[in-house]
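Accompanying notes for the structure given below.
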Amino acid sequence: MAVYFVETSALAKRSIAETGSVWLRALLDSSTGCSIYVVRVTAVEIIAAITRRERGRTLAPTDAAVARQAFHSDLATAYQVIEVTSALANQAMLLAEQHGLRGYDAIQLAAGCEVHVRYLAAGLPAVTFVSSDTEVNVAAVAAGLPIADPNAHP
């Protein structure tokens, strides 16, 4: 069974049609039995992204409402949520300093690393970090995470 940590830039493609959306939806389809991890701040970022698209009139209000509802449902049932702790924030600060990442990007990567380390320590397969952000992907590779970029699958 595959395990993914899905960062916001990639997860947004599940709600908003963009390059890589079809691939991401297939990757994370519930019929695959995969485990999907996200960090708590992802919820804020996804709702903000959907709402920005709606207000910018690139997403119809009815489509935005459906996307928000689907996300809330997935958050409650399909995603395993990593909480932001002091230890996670400290790790994120180090990653931000090492790689020049933006704040929430560093939190995303720190959470992905945390899940990855847990899995490896338990003798389980590596966790794939899924992101559409090139800078975050470069940092993830440097941190030893296998990555998957939906943008590589138009």
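For the reader, a short list of remarks on this structure follows.
- Student exercise, the chain dipole from Lys, Arg, Asp, Glu Cβ charges, in Debye to nearest 20: 340 debye
- At R0 = 22 Å, FRET efficiency that the Cβ-Cβ distance of N90 and L124 yields, to 0.05: 0.35
- Percent accessible area from carbon and sulfur atoms, the chain, protein chains only, probe 1.4 Å: 57 percent
- In the chain, helices alone account for a calculated mean residue ellipticity at 222 nm of -18000 deg cm²/dmol, with every DSSP H run of four or more residues adding -39,500 (n - 2.57).
- Contour excess over end-to-end distance, with Cα ends at D63 and Q98 and 0.36 nm allotted per residue: 8.7 nm
- In the context of the full set of protein chains, residues of the stretch 8-104 present 55 Å² of accessible surface per residue (probe radius 1.4 Å, heavy atoms only).
- The average projected area of the stretch 43-87, computed from the convex hull of its Cα atoms over all directions, is 3.7 nm².
- For the stretch 86-130, the Rg and Dmax computed from alpha carbons only, in angstrom: 11.0, 32
- Linear extension gain, T77 paired with R55, 0.36 nm per residue minus alpha-carbon span: 5.2 nm
- Here the stretch 1-24 is scanned for amide nitrogen atoms under 19 Å from the site 7 Å beyond the Cα of E135 along Cα-to-Cβ, giving 7-12.
- Contact order relative to length of the stretch 1-44, as percent, for alpha carbon pairs under 8 angstrom and 6 or more apart: 56 percent
- Among the listed values (i) 15.0, 47; (ii) 14.3, 44; (iii) 21.4, 66, the one computed from these coordinates for Rg and Dmax of the Cα atoms in Å is (i).
- For the stretch 19-76, radius of gyration divided by Kirkwood radius, i.e. Rg to Rh on alpha-carbons: 0.99
- Exposed loop sites were defined as trypsin sites (Lys or Arg not before Pro) in DSSP loop states (anything but H, G, I, E or B) carrying at most 15 other C-beta atoms within 10 Å; in the chain the longest segment without such a site runs 103-154.
The values are calculated or read from the model by the stated rules, or taken from the named source; none is laboratory data. None of these values were measured; they are calculated from a predicted model. Backbone-built Cβ (ideal geometry, glycine too); neighbour counts: all protein chains shown. Ligands, DNA and RNA are stripped out before the accessible areas are found, and what is left, the full protein with its side chains, is counted by its heavy atoms. Shrake-Rupley method; radii C 1.70, N 1.55, O 1.52, S 1.80 Å.
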